[in-house]
Amino acid sequence: MLIKRSPNGIDLPFPSEITPRAVFESRRAFIKQLALGSIGGAALLEMASREAFAQSGQRLPARANPSYVVMDKHTAYKDATSYNNFYEFGTDKDEPAGIASVMKTRPWTVSIEGEVAKPLTLDFDSLSKLAPLEERVYRLRCVEGWSMVIPWVGYSFSNLMKKVEPNSNAKFVEFTTLADPKQMPGLNSRVLKWPYVEGLRIDEANHPLTLLTFGMYGEVLPNQNGAPVRMVLPWKYGFKSAKSIVKIRFVREQPQTAWNRAAPREYGFYSNVNPEVDHPRWSQAAERRIGEDGLFAKKRKTLMFNGYSEVAPLYAGMDLRKFY
Ligand SMILES: Nc1nc2c(c(=O)[nH]1)N[C@H]1C(S)=C(S)[C@@H](COP(=O)(O)O)O[C@H]1N2
Ligand SMILES: [Mo]
């Protein structure tokens, strides 16, 4: 197994088909702890059944919003929930579906703070009821070259912005996600600096497409897809869509994001889907649709902004090769 090292000593991420040794070992340690009972057989069982499993499959009603529906066939629920990137639970695609099932998602609070007139701390129920929930079918394109089509449930992030009233210093929004070593064996890996942080420019955050997301396929989010609340930014590479958010901060300066810190030449702050700008190690011109396009099938062309051309005005006059 070959792991390249970047100059700052952080493992160079992607393609994540490889399992970095540290992750592999931390997973073994975690499983051993489980077996030895130091995480606690009864406690774990209770945690699993009462806190985590109680949420899975719970219906989350929403009104379909036909303005935001792509016509592509929906990715099968099974594929969307078993092929995941969620490095806090390991770098293999099939790991989050198993290991994330014990993540405790209730109670859950999200604090919204920084350059706002009205900071808020909300639990899941109040946050998910802040605006009417909509179902929107979005394409999501991973930077690794695969894509999915998922019916998400959420509301435009702009609704939340209206409630907290960002002031004139607020130029960016920073999203911080859960980093709990007791629940997340992937945190033992140095593949990223934890917690996972993402960011948007304030006008990107305010764009109607930007979805604060609580569910998919008519149900609350499965843990491996970012329960209980995540972002979905369909015109950006998937890693911009942070999962399991605990803090939203309105800030003056462009946030330091996890992927940008780990490999700045490979993952820019903007990371808009752009078939004309290659990743330094592979082309971004085409993609494979999970569950549909077999490994050897002809790939489909990746579209500028993943087909969401309505966001183009956000970047008018910007050199998108420079601001990748
Ligand atoms: N906290 C956190 N959020 C994350 C990630 C992660 O590793 N940790 N992976 C990202 C990447 S690379 C992708 S492609 C999407 C995948 O979302 P999905 O599993 O729901 O398809 O989640 C993004 N959000
Ligand atoms: Mo991704």
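Since every read-out is calculated from the coordinates, none of them should be taken as a lab result. Remember, predicted model here, so these are calculated numbers, not experimental data. Here Cβ is always computed from backbone atoms with ideal geometry, including for glycine, and neighbour counts include all displayed protein chains.
Distance from the Cα centre of the stretch 164-224 to that of the stretch 248-324, in angstrom?
Here the answer is 17 Å between Cα centres.
Report ³J(HN,Hα) in whole Hz for each residue of the stretch 315-320, in order, from the Karplus equation J = 6.51 cos²θ - 1.76 cosθ + 1.60 where θ = phi - 60°; Gly and Pro get x.
Running phi through 6.51 cos²θ - 1.76 cosθ + 1.60 with θ = phi - 60° gives 10, 4, x, 8, 7, 6 Hz.
Using Cβ contacts closer than 10 Å as the measure, can you line up Met103, Met148 from fewest to most? Working shown, then result.
Numbers: Met103 24, Met148 21.
Arranged by neighbour count, lowest to highest, Met103, Met148 become Met148, Met103.
Output wanted: per-residue J couplings in Hz (rounded whole) for the stretch 302-311, from phi through Karplus 6.51 cos²θ - 1.76 cosθ + 1.60, θ = phi - 60°, x for Gly and Pro.
7, 9, 4, 6, 6, x, 8, 5, 5, 8
So, with +1 on the Cβ of K and R and -1 on the Cβ of D and E, and no other charges, what is the size of the charge dipole of the stretch 232-324 about its Cα centre, to the nearest 20 debye? Don't jump to the answer; show the numbers that get you there.
Numbers: 17 positive and 9 negative charges, 57 e Å.
That gives a dipole near 280 debye.
For the residues Trp108, Trp152, what sequence is obtained by ranking on other C-beta atoms within 10 Å, fewest first?
Trp108, Trp152
Return a whole-number percent for the relative contact order of the stretch 114-237, with Cα pairs under 8 Å and 6 or more residues apart as the contact set. Write down the numbers at each step before the final one.
On the way: 189 pairs, mean separation 36.7, N = 124.
Result for the stretch 114-237 is 30 percent.
With no solvent and one point per C-alpha, what does the Debye sum give as log10 I(q)/I(0) for the stretch 246-324 at q = 0.12, 0.17 Å⁻¹?
Here the Debye-derived log intensity ratios amount to -0.47, -0.86.
Through the Karplus equation 6.51 cos²θ - 1.76 cosθ + 1.60, θ set to phi - 60°, convert the phi angles of the stretch 263-272 into ³J(HN,Hα) values in whole Hz; use x for Gly and Pro.
Running phi through 6.51 cos²θ - 1.76 cosθ + 1.60 with θ = phi - 60° gives 8, x, 6, 9, 10, x, 5, 6, 6, 6 Hz.
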